[in-house]
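Asks: The structure follows.
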Amino acid sequence: MRFSVDLQEAEADPGRSPTPKREEVEWVPLQNHPVFFPATGPVRDPTAARPLRNLLAWDGASRLYFWDSDKLCLHQISIRLGEPDPTSVLAASPSKVLQADVNPDFAVQKISINRNGSALLLSGSGGLCVMYLYGRTSNKDNATICRTVTVGSQIYLSGSNIIRILQVSWHPNSDTHLGILSSDSVFRIFDLSSDLIQPEQEYYLQPVQPGRSRNATSICPVDFSFGSDHLWDLFSVFILFNDGSVYILCPVIPFGSAYKWESIVEIYNDAQTFGLKSSNSVAVSNSNLAISWLEATFPAIADQETEGSDLYVLRAHPYALFDASLSLQGPLRKVCRDEDEEGSAFRGAECEGGAVSFLYNLVVKDSIMVTAWSGGQLQIDALADEIQPVWNVGSPPRLRVDSNDHIRGLAMICEPTPGKVSPVKLNQPLDSTLWLGHPPPLLRLAIVDLALPRKTKGGSLIMMFIDPLMLERIFTLHDGGIDSIVLHYLPFTNQISGKTETMRTPSVHPVLSTCQGEISSQAPLSGFVSLSDSFGCSWIVGVTGSRECIMLEMKTWNLLLPLQVDMEGKSLGLEEPKEKDMPDMISKELLVGPKVVLVPQTSPNVRSVSADSIEGRSMLHDYFKLFHENYVEYAHKVSFELKHHEPLLKKIIDDQHARLRDAQQKLLQVEEKQSKLENRIDSAIQLHNGLEERLKRLRKLPGPHKKPLSRAEREFKSELDLFSGVELDALHSSVNALTARLRRHAQSPKGNTSNQQRLISRRKDPVEESQVSQLKSSLEKLSLINSVNSKKVKLVESALRSLESSRS
């Protein structure tokens, strides 16, 4: 059916590239598609470091896209999910080749498609462009030439600018808006339908951590994620920084984006119910700002008569408060249990390395946030309270208007509101913090260690994806392969559904591994996508570095079943149904037998009556009637029951025979592997004994008897580690840049002797003299800073040695 639709579309639109003719199309398994065969070009160096890439995208229906980094083209593959059997996926061969009219001049690391499947995003650290899949196209060398545009060409990596793109994503409520987070700590929103060069909105992020100085090099953004359809989460942007802190911008809304009427009404009623009726003046003021923003952004919301009309979608009008800028809410902190945890409420999780990626996931009523660290850990938190919009009054934004005074763009500085970072305790009612401008607290669900291969430098990069079929499942793509994390405990969802389950840790399942022992393979995955259909089937597709396709079917029906424990402590779980749980094949009434009916008593004279007489015939008629009502009908019921259950009994017997054969095969395999298992057990025992002896020797060393560092010492050490990895690198890069500039000045071309004498006799150029003096002063400052830092490090080392010697 999909193929016929493609033919009709191609005939209706002559500008599009025609789909291959019906006799030319061949449906093959996706993993055997010719596009995914290993390339025949030159082999790359396997030891060369490759960034983590994702060159696969799915439009959510029947088209799969793959970016060919060798030929610089895009393959559009039509797929059929669950055909010919529910476990397989078919793909049309040959694929449709899409060629950009202007090839990107950067290495593509990620592709992403918008909601309606009309545009594809090609992004990398060196640039960003958008490829329009439909519209005016032309055929050239059996390829479709698509219009390709560059976004933000005057901002990112243009001329002397070295601003790198950290993350880019389509807005979930618009087909033309892009959100871009860059290395200059600015979050920008571009509208592709109006302006490709100048952003529609700019938010300059200035985070300030409590108790720390304002240092632009000590904290920088890493990743961001848009919110989902849940109250004010719909207008929120979550921003992750390298130290693991998370901040929120709310409300952020693209001009002209579409939203459901029910969602806007729910937010509007919430602000009026819990904000305006509050006894706190701060809550009333904040809710008034939110209501005025909603009524100006969605003018139809103020007219309640439209609720009964056919209005389903609302368009956002350009609007901004003229005397207030958005507050950078954060850093989000954990819910404290006592006063001792208040100091650590602002700090990130005790994970290794730095934060590398972020994921926001809405599961029914729970807003889940997952932070990935370079050490291979995942920090999973849930918002313990609702998000509310917060403005900094007195900090007006900068607006760009047209000749009719209509807002075309805005820019503002976003920083945390002073005094809005008080910790929240478990015994504190959440109603007391509504609409007071406090950032929502976090409820720690789990910290998952993926046990990734250890790397000497830089750590591991991790990409995270949500299963479109089961939102409780998260896929992680990393150098070691693919893992699946399933969340079993959702606090607010379980509370609303009436479940009284205890908190369960997430289950981690390795789906695909590219590791060999402790060393990662030299060809990590370069693409990943999760597929699902309307029948509840789910698949994952991965592409290796050598362009080999891997497709796996994912089971979903039994992952969220609760673990049942009986009174004796034995786990029931997902075991096979026992004999007592089997349904009754034959009803108990039939097994008991026919009812025993007593023959009616008669007088002794009647018993001697002959059968030919009238009395005898009536007596025989009564006996036959009783016999027919009890025994003949019972026989008919038994016959019908046996015939009805015959196919089911046959199926059960065949299933038992099949299970018996499988068990026998498994027993044979176990017997074959028994010797190998015994050898492995012996080697494991020897290794265990060796480790025990080594542990005993290590316990005798003086190191384990040292006392652990105090809380103040740990905080001081963490600050030293943070600055050692950031500021020293910045100093080294500055020294290298200055050295290169001095070298260029020293190696400048020299003229003849007369010219040199003439230059000497001339007056010195004041510009060059000022530049040289500035270079000298910069070098002196850098040397002074290096000497001060070295003295501080020596002082800390001596203090630590003295402390260790005093404790020992």
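Asks: Simple spin-label model, 7 Å along Cα-to-Cβ: Gln669 to Asn789 in nm?
Replies: 5.7 nm
Asks: Something else about it: With a point put 7 Å past each Cα toward its Cβ, work out how far Ala296 is from Ile685 in nm, to one decimal.
Replies: 7.9 nm
Asks: Starting from the Cα of Arg400, move 7 Å in the Cα-to-Cβ direction to define the label point; list residues of segment 246-263 whose amide nitrogen is under 18 Å from there.
Replies: Only 253-257 pass the distance filter.
Asks: Separate question: Beyond a 28 Å Cα-Cα separation, which of these cross-linked pairs lie in this structure: Lys334/Lys717; Lys696/Lys791; Lys334/Lys791; Lys673/Lys696?
Replies: Listed pairs above 28 Å: Lys696/Lys791; Lys334/Lys791; Lys673/Lys696.
Asks: Hey, can you grab everything whose amide H is under 5 Å from the amide H of Leu128? Only 5+ residues off in sequence or another chain; H modelled, so Pro and N-termini drop out.
Replies: Val151
Asks: Can you compute 3J(HN,Hα) from phi for each residue in segment 666-679, using the Karplus curve 6.51 cos²θ - 1.76 cosθ + 1.60 with θ = phi - 60°, rounded to whole Hz and x for Gly and Pro?
Replies: 5, 5, 5, 5, 5, 5, 5, 8, 5, 5, 5, 5, 4, 5
Asks: Here's another thing I want to ask about it. Pairs Lys700/Lys792; Lys555/Lys651; Lys643/Lys666: which exceed 29 Å Cα-Cα?
Replies: Going by Cα-Cα distance, Lys700/Lys792; Lys643/Lys666 fall outside the 29 Å limit.
Asks: If you don't mind, another one. With a bin width of 5 angstrom, please list the P(r) values of segment 91-204 as percents of all Cα-Cα pairs, from the 0 bin to the one holding the largest distance.
Replies: Going from the shortest bin to the longest, the percentages are 2, 11, 21, 24, 20, 11, 7, 3, 1, 0.
Asks: With θ taken as phi - 60° and the coefficients 6.51, -1.76 and 1.60, list the Karplus ³J(HN,Hα) couplings across segment 285-301 in order, rounded to whole Hz; mark glycine and proline as x.
Replies: After applying 6.51 cos²θ - 1.76 cosθ + 1.60, I find 5, 5, 5, 5, 4, 5, 5, 5, 5, 5, 5, 7, 6, 10, x, 6, 6 Hz.
Asks: Also: Quick one: if you stick a label point 7 Å off each Cα along the C-beta vector at Val486 and Val28, how many nm between them?
Replies: Result: 3.4 nm between the two label points.
Asks: Out of residues 5 or more away from Gly409 or on other chains, whose amide H comes under 5 Å of its own, with H placed 1.01 Å from N in the peptide plane?
Replies: Those lying under 5 Å, H to H, from Gly409 are Arg400.
Asks: Which of the peptides 104-117, 666-679 is most tightly packed, and how do the rest follow, judged by the mean count of other Cβ atoms within 10 Å per residue?
Replies: 104-117, 666-679
Asks: Would you kindly state how much longer the chain becomes between Asp323 and Ala740 on full extension, computed as 0.36 nm times their sequence separation minus their alpha carbon distance, in nm to one decimal?
Replies: Fully extending the segment from Asp323 to Ala740 adds 145.4 nm.
A short reminder: the numbers here are calculations on the coordinates, not readings from a lab. For clarity, every value in this text was computed on a predicted model and none was experimentally measured. Cβ coordinates were reconstructed from backbone atoms using ideal geometry, including for glycine residues, and neighbour counts include every protein chain displayed.
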